[in-house]
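The values are calculated or read from the model by the stated rules, or taken from the named source; none is laboratory data. Since the model is a prediction, treat every value here as computed from it, not as a measurement. No Cβ is skipped: glycine too gets one built from the backbone with ideal geometry, and neighbour counts run over all protein chains shown.
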Amino acid sequence: MDDLTGAVWRKSTLSGPEGDECVEVAMNLPGLVAVRDSKDLLGPSLIFGPGVWSAFVEDIKRGSFEERRS
């Protein structure tokens, strides 16, 4: 299990008006990026390597996950 002690969590500025409809990301820990649900701060976190996370973010920016309609 990865130790997330000292994680500095950041929430998207695009979060809902109450600030509780988003994920939070911690990128300050060596060799990993942690992601959690902002509504369940004590719940589980997903852990990614920095390269995998960067590729995911770039795919989002390119629209790779946009819904396609027939």
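Below, the figures for the structure above:
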| quantity | calculated |
| --- | --- |
| Any pair with Cβ under 8 angstrom, 6 or more apart, that starts in segment 41-64 at a residue that is closer than 14 Å to G31 by Cα and ends at one that is part of a helix (DSSP H, G or I) | F48/F56 |
| Residues of segment 6-28 satisfying the condition of being assigned to a loop (DSSP other than H, G, I, E, B) and either at pLDDT 95 or above or within 19 Å of P50 (Cβ to Cβ) (or both) | G6, A7, V8, S12, M27, N28 |
| Candidate set from segment 29-43 (those that are under 12 Å from the mean Cα position of the chain (by Cα) and part of a loop (DSSP other than H, G, I, E, B)); member that is surrounded by the most Cβ atoms within 10 Å (Cβ to Cβ) | L32 |
| Residues of segment 1-40 classified as free of Cβ contacts under 8 Å to residues at least 12 places away in the same chain and among the aliphatic types (A, V, I, L, M), total | 2 |
